[in-house]
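First comes the structure, then the notes that go with it.
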C-alpha cells in the first residue's frame, strides 16, 4: 500500500533527483516514510527495493508541480534482511536511489548486499584493537635482545 501526497516546497529548478528514508532501518511488513525531490513535475514515480537477486515493487506516487513528494511505503513481510537499494524511477526518465538497512539488527557486511561507500561502525573498535595488538607485538619483538650462546 502506498500513500502519497504532494507537498509545497521550495523548488530548485534543475536540481539532482534524490530520495531519502529518514529512518535508521526499515522492518519487513511495516510502513516507512520516503521523501523525494526533483523527479519531474507531476511525474508518476515507481519505487522498487532490491537486495541481491530479490526485488519488490513498493508502489507508484505522483510528484507535485515541483517534482517533490512524500510517501509512505510498506515493505513486504518476506523481504530479506540486509542493505538494500531503494530506487525511484520517474515516467519522465529521471531516477534516484539510496541504500537502506532492512531489519533492526546490525548486518554483517557482505559485498553483494551493501553500499560500496558504507562502513560497519561496529567493526571499527575491533579493527583498532587488532592493530594495537600487532603494533605492541612488533615493538616487543624489536626490543628483545638476543641472549648469548655459551
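Any read-out appearing in this document is the output of simple, stated calculations on the displayed coordinates, not a laboratory observation. Values in this document were obtained by computation on a predicted structure and should not be read as measured data. Heads up, the Cβs are rebuilt from the backbone with ideal geometry, glycines too, and the neighbour counts pull from every protein chain shown.
Computed from label points 7 Å out along Cα-Cβ, the spacing between residue 127 and residue 104 is 2.8 nm. On the beta carbon distance between residue 134 and residue 18, with R0 = 30 Å, the FRET formula returns roughly 0.15.
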